[in-house]
Amino acid sequence: MRKLLLLPLVSGLALLVGACANPNYKPDPSVELCNVGGPLGKLEVSIATEPNPGAVPGRPPECRMGPDGVMRMPPSGAR
């Protein structure tokens with residue numbers, strides 16, 4: 001009996017999550033390049049955080065963590 005109740009609940013949840021997805025979403029390439037290795041550890045976050053960021057091992061050396069907590073490549077003119 002529980003399995004019969006669980007099936008509509010799971011399918012309804014999947015439908016709800018699918019309906020909330022943005023069909024026009026395009027990932028930011030500057031973010032994708034810097035986040036290929038998975039989440040950062042505590043030491044890596046302290047290395048990458050502004051105002052005096054350093055290179056994080058395993059990531060391109062240009063990647064920096066901004067105030068929003070996301071690793072990304074700097075704009076083309078800023079270094």
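Brief remarks on what is shown
- Listed by first and then second residue, the pairs with beta-carbon distance under 6 Å, at least 6 apart or on different chains, first residue in the range 27-44 and free of Cβ contacts under 8 Å to residues at least 40 places away in the same chain, second surrounded by 10 or more Cβ atoms within 10 Å (Cβ to Cβ), are CYS34/ARG59; CYS34/CYS63; CYS34/MET71; CYS34/ARG72; ASN35/MET71; GLY37/GLY58; GLU44/VAL56.
- Residue check, ALA14 surrounded by fewer than 13 Cβ atoms within 10 Å (Cβ to Cβ) and either at pLDDT below 85 or out of contact with any helix residue (DSSP H, G or I) (no Cβ under 8 Å at 6 or more places or on another chain) (or both): yes
- Verdict on PRO39 being modelled with pLDDT of 80 or more, under 26 Å from ARG72 (Cβ atoms) and in a loop (DSSP other than H, G, I, E, B): yes
- Restricting the range 30-58 to residues that are farther than 16 Å from ASP68 by Cα and small (Gly, Ala, Ser) leaves a set whose member that is most open to solvent (accessible area, probe 1.4 Å) is GLY58.
- Check on ARG2, at negative phi, at pLDDT 85 or above and open to solvent by 50 Å² or more (accessible area, probe 1.4 Å): no
- Of all the listed residues (PRO60, PRO27, PRO51), the sole one being modelled with pLDDT of 80 or more and in a loop (DSSP other than H, G, I, E, B) is PRO60.
- Test for PRO8: is it at pLDDT below 75 and open to solvent by 50 Å² or more (accessible area, probe 1.4 Å): no
The values are calculated or read from the model by the stated rules, or taken from the named source; none is laboratory data. On a predicted model such as this, the values are computed, not experimentally measured, just so you know. Positions of Cβ are backbone-derived with ideal geometry, glycine not excepted, and every protein chain shown enters the neighbour counts. The accessibility values were calculated without ligands, DNA or RNA, using every heavy atom of the protein model including side chains. Shrake-Rupley method; radii C 1.70, N 1.55, O 1.52, S 1.80 Å.
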